[in-house]
Amino acid sequence: MFYIESERLKLIPLNLHQLRIYTHSEALAENLGLKAAKVETEPFFQSEFDDALQNHWAPLVEQNPDNYIWYTNWLIVLKEENIAVGGIGVTGLPDENGSCEIGYGMDLNHRGKGYATEALSCLANWAFQNPDLKTIIAHTPIDLLNSQRVLQKAGFQYAKTENELILWELKKDEKSIFID
């Protein structure tokens, strides 16, 4: 099983079968050799996740079996406890401008401990190994200050505000490795 890791985390890209059993947390945990634990988040974010699972990750992973890791949700696993504490992923291979978007979500009980920043830095460092990738972008709502702080700690820079969202960028030559 392919995965990447940081000091405290293991990031596991979910294949099509794992995406299909995701809603059955016990089955997914067993498949990955993890302790069963449901990732809990606010209803809005759960709705966004469910939509991405059904309408983005699963179809794109099925269409891109050789590059599925660029289109899937990566499970964020806390190594010490061997449980899932969130998810992260990019929107696909770099586009014609050399960019892709990254997004993440953390379990309510595991926020404020630096895990999101660590996962974000870990996945960004992995993604920048692709020579075509020049910039990783992220969007956050204006009022989501904790998520903005995660991006700032991972080295992302403010780019602009549009439609109630802030656009953040991390350039390949400016990327930072996570420092607690």
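For the stretch 25-56, filtering for residues that are crowded, with 17+ Cβ neighbours inside 10 Å and hydroxyl-bearing (Ser, Thr, Tyr) leaves 1. Within the stretch 71-86, the residues that satisfy the criterion of being within 12 Å of residue 9 (Cβ to Cβ) and not aliphatic (A, V, I, L, M) are 74, 79, 80, 81, 82, 86.
Residue-wise test of (1) under 25 Å from residue 23 (Cβ atoms); (2) of a type in the set (A, V, I, L, M).
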| position | (1), (2) |
| --- | --- |
| 79 | yes, no |
| 88 | yes, yes |
| 106 | yes, yes |
| 133 | no, yes |
| 149 | no, no |
| 156 | no, no |
| 164 | no, no |
| 169 | no, no |
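Can we say residue 22 is within 16 Å of the chain's Cα centre (by Cα) and surrounded by fewer than 19 Cβ atoms within 10 Å (Cβ to Cβ)? No, not satisfied. Within the bounds of the stretch 44-62, is there any residue that is in contact (Cβ under 8 Å) with a residue 60 or more places away in the chain and touching a Phe, Trp or Tyr at 6+ places or on another chain (Cβ under 8 Å)? So far as the stretch 44-62 goes, no, none of its residues is in contact (Cβ under 8 Å) with a residue 60 or more places away in the chain and touching a Phe, Trp or Tyr at 6+ places or on another chain (Cβ under 8 Å).
Of the residues examined, residue 86 is not one that is part of a loop (DSSP other than H, G, I, E, B) and either in contact (Cβ under 8 Å) with a residue 12 or more places away in the chain or among the polar types (S, T, N, Q) (or both).
Would you confirm, using the coordinates I've provided, whether residue 102 is of a type in the set (Val, Ile, Thr) and within 30 Å of residue 30 (Cβ to Cβ)? Here the answer is yes, as residue 102 does meet what is asked. Just checking, how many residues over the stretch 58-83 are assigned to a strand (DSSP E or B) and under 19 Å from residue 130 (Cβ atoms)? So the answer is 1.
Tallying residues that are surrounded by fewer than 21 Cβ atoms within 10 Å (Cβ to Cβ) and either on the phi < 0 side of the Ramachandran plot or in a helix (DSSP H, G or I) (or both) within the stretch 107-116 yields 6. If you go through the stretch 72-117 and keep only what is among the hydroxyl-bearing types (Ser, Thr, Tyr) and in contact with a strand residue (DSSP E or B) (Cβ under 8 Å, 6 or more places away or on another chain), you end up with 72, 91, 99, 104, 115. Of 11, 93, all but one fail to be at pLDDT 95 or above, outside any loop (DSSP other than H, G, I, E, B), of a type outside the set (Gly, Ala, Ser) and touching a helix residue (DSSP H, G or I) at 6+ places or on another chain (Cβ under 7 Å); the exception is 11. Within the option set 102, 166, 88, 136, being under 19 Å from residue 2 (Cα atoms), of a type outside the set (Asp, Glu) and crowded, with 16+ Cβ neighbours inside 10 Å holds for one residue only, 88. Residue 97 satisfies every condition listed in (1) more than 21 Å from residue 166 (Cβ to Cβ); (2) of a type in the set (S, T, N, Q); (3) surrounded by fewer than 19 Cβ atoms within 10 Å (Cβ to Cβ) except (1).
If I go through the stretch 132-153 residue by residue, how many of them are assigned to a loop (DSSP other than H, G, I, E, B) and in contact with a strand residue (DSSP E or B) (Cβ under 7 Å, 6 or more places away or on another chain)?
Final tally of qualifying residues: 3.
The values are calculated or read from the model by the stated rules, or taken from the named source; none is laboratory data. In this text, all values refer to a predicted model and were calculated from it rather than measured experimentally. Here the Cβ is made from the backbone with ideal geometry for all residues, glycine too, and neighbour counts use every protein chain on show.
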